[in-house]
Each structure stands twice: as structure tokens, then as C-alpha cells.
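In what follows, a single structure is set out as C-alpha cells and then discussed.
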Amino acid sequence: MFILYTRMEARLTELGISIAHPLVGRYATSMEMAGVSLTVLPLDATLEKYLTAPAACAFWKV
């Protein structure tokens with residue numbers, strides 16, 4: 001995951017795209033599934049506010 005993130009961050013930076021809130025690590029997205037998920041999407045100020053808002057649950061804490 002960290003190798004993928006490092007390479008993607010470098011490539012996005014080359015393209016002039018900044019990463020607002022990188023999330024790299026173990027998250028429970030699907031039980032008993034190996035692999036990695038990569039999501040890249042446009043983010044406006046409103047959505048960024050929601051993404052970075054304080055939150056706490058079993059597999060998510062900001």
C-alpha cells in the first residue's frame with residue numbers, strides 16, 4: 001500500500017494534482033479480501049470539510 005501510494009503521489013504531483021487527505025493503512029472495506037483499493041476523485045471545499053470532519057467508529061477515526 002505504501003509503495004503504491006508513494007508512486008501515485010509522485011505521479012499526481014507531476015500532473016499538478018494535490019492530495020487533500022491521504023488515507024493509507026488498514027481499513028475494513030471488505031472482509032476476507034486481499035488487495036488494495038485506490039480512489040481518486042475531484043474534491044471541492046464542501047466535500048473536503050466532510051472528509052476531514054471528526055469521526056469515530058469501529059474502523060474509521062479522523
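The values are calculated or read from the model by the stated rules, or taken from the named source; none is laboratory data. These figures come from a predicted structure and were not determined experimentally. For neighbour counting, all protein chains shown are included, and Cβ atoms are generated from backbone atoms with ideal geometry for every residue, glycine included.
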For this session: Filter segment 52-62 down to residues that are surrounded by 10 or more Cβ atoms within 10 Å (Cβ to Cβ) and either touching a strand residue (DSSP E or B) at 6+ places or on another chain (Cβ under 7 Å) or at pLDDT 75 or above (or both) and give me whichever is farthest from residue 3 (Cα to Cα).
Result: 55
For this session: Any residue in segment 15-27 that's free of Cβ contacts under 8 Å to residues at least 60 places away in the same chain: show its pairings with residues that are assigned to a loop (DSSP other than H, G, I, E, B) and surrounded by 10 or more Cβ atoms within 10 Å (Cβ to Cβ) at Cβ separation under 6 Å, as long as the two are six or more apart or on different chains.
Result: 20/43; 21/52; 24/1
Problem set entry | Residue satisfying condition, being among the polar types (S, T, N, Q) and surrounded by 10 or more Cβ atoms within 10 Å (Cβ to Cβ), within set 39, 46, 6 | 6
Exercise. Could we say that residue 3 is part of a loop (DSSP other than H, G, I, E, B), modelled with pLDDT of 90 or more and either among the hydrophobic types (A, V, I, L, M, F, W, C) or touching a strand residue (DSSP E or B) at 6+ places or on another chain (Cβ under 6 Å) (or both) here?
Worked result: no
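Kindly provide the set of residues from segment 14-33 that are farther than 16 Å from residue 2 by Cβ and at pLDDT 85 or above, ordered by number.
14, 15, 16, 17, 18, 20
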Problem set entry | In segment 34-51, residue modelled with the lowest pLDDT [restricted to those that are under 14 Å from the mean Cα position of the chain (by Cα) and either over 19 Å from residue 9 (Cα atoms) or not in a loop (DSSP other than H, G, I, E, B) (or both)] | 51
